[in-house]
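All remarks here apply to the structure that follows.
The values are calculated or read from the model by the stated rules, or taken from the named source; none is laboratory data. All values reported here derive from a predicted model rather than from experimental measurement. So basically every Cβ, Gly included, is an ideal-geometry build from the backbone, and we count neighbours across all protein chains shown. Just so you know, the surface numbers come from the protein's heavy atoms only, side chains and all, with ligands and any DNA or RNA stripped out. Shrake-Rupley method; radii C 1.70, N 1.55, O 1.52, S 1.80 Å.
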Amino acid sequence: MTEIQSSIRFLSATDLDQLKLGMGDIIVLLEKAFRLKAEGKVQMPPKIFFHRGGAQFYSSMVSASSHLGFAGCKWQSGDPDNPSLGLPYIQGLYVLNEDKTGQMRAIMDSEWITGERTAAASGLVVKHLARKDAATAGILGCGLQGRKHVEAIHAVRPDITDYVCYDLVPRRQAEFIADMTERFPMRFRDAAGPEEVARASDVLITGGPIEKSRKPVIVPEWIREGALVVTIDYDSYVCDEMVAAMDLILTDDSGQIEDARRNEGKFPGVSRIDATLADLISGGQGARANDKQRILAFNLGIALEDLVTAIEALRRAQISSIGTMLPLRKRVLAAEA
């Protein structure tokens, strides 16, 4: 007999913090998930993404895997001006369903999931593609993602001990450096602008607002030999000439690149994708061949990353009885009526 859910678990950001689901744990989950993607065990249409003015946006992302036993959908908004109002940049909810019956099992804060899984995916890229002697990481954008990316890089490459940081808002940049210096045993230093960060970086993370109209500034001359560049802001700040100059170009999902190009006018300078992250992890396609290669990875963020993070969050919440149980109207299956 099918178990009919009489309640659904709600997990707030505070609840999720209590689960002790760390960055290293999520990186391991994502590595397994990308192997499943390579094996064709995941359904994942391109995300729905549209601007509502300037850098404000709405997005929806769905994924399902009968192999994992779950499906999920994320709905959220983004507005880089929100922090000045005391609100998060990203706001939204994630709904997790069991795949067998489609019943909802959990609703959870999507900002927490997005923050963790985005950085974890970048951590995977750094693990597989950064030079073995990489010593300096550059952080462009000192908000939540800047903080989470320090965690992710440190989780996979603790030997990278020098961080160069820049944000368009000087106060945010200063607070970031003070906070990170207190939390981590690495050196964090100011930069006067993106050029200084890019030229110093063996690993460069770009995490600025995704504008409706691009304002790219990063040119190929700024990228040092052997550097790895990971963008989490589409192609917002990398010039087309820089994209063309890279020796290898990867992405977390080529279908989303094409969808964003077709529907949003993004990625006009991307004429090739050498491999996806699933190709890299499952078969080594797109791997670094030498220490001189300059590599660019477009990490758009994909629904599979949300799904596996949410599944593990629910598992831990059930074990620890964390979250609020919300009642559902009692239902009877038609077959049993």
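Selection of first residues in segment 84-110 that are hydroxyl-bearing (Ser, Thr, Tyr) and of second residues that are open to solvent by 60 Å² or more (accessible area, probe 1.4 Å) and not in a strand (DSSP E or B), restricted to Cβ pairs under 8 Å at least 6 apart or on distinct chains, gives the following pairs, ordered by first then second residue: 89/83; 89/144. Counting only helices (runs of 4 or more DSSP H) that sit completely within segment 199-298, those holding 2 or more residues that are within 26 Å of residue 29 (Cβ to Cβ) and open to solvent by less than 10 Å² (accessible area, probe 1.4 Å) correspond to 254-264, 277-283.
Looking at this structure, is residue 178 assigned to a helix (DSSP H, G or I) and open to solvent by 30 Å² or more (accessible area, probe 1.4 Å)? So residue 178 fits the description; yes. Taking (1) open to solvent by 20 Å² or more (accessible area, probe 1.4 Å); (2) at pLDDT 95 or above; (3) under 23 Å from residue 22 (Cα atoms) in turn, residue 133 satisfies each apart from (3). Give me the residue from segment 313-331 that is of a type outside the set (A, V, I, L, M, F, W, C) and surrounded by 16 or more Cβ atoms within 10 Å (Cβ to Cβ) and, out of that set, nearest to residue 41 (Cα to Cα). Looking at the filtered set, the residue picked out is 316.
Of all residues in segment 271-296, those satisfying the criterion of being touching a residue at least 24 places away in the same chain (Cβ under 8 Å) and basic (Lys, Arg) are 288, 292, 294.
Number of residues in segment 3-45 that are under 20 Å from residue 70 (Cβ atoms), open to solvent by 40 Å² or more (accessible area, probe 1.4 Å) and not aliphatic (A, V, I, L, M): the value is 12.
Of the residues making up segment 158-175, those that are in contact (Cβ under 8 Å) with a residue 40 or more places away in the chain and either within 26 Å of residue 131 (Cβ to Cβ) or buried (at least 22 other Cβ atoms within 10 Å of the Cβ) (or both) number 1.
Residue 51 passes every criterion in (1) part of a helix (DSSP H, G or I); (2) in contact with a Phe, Trp or Tyr (Cβ under 6 Å, 6 or more places away or on another chain) apart from (1).
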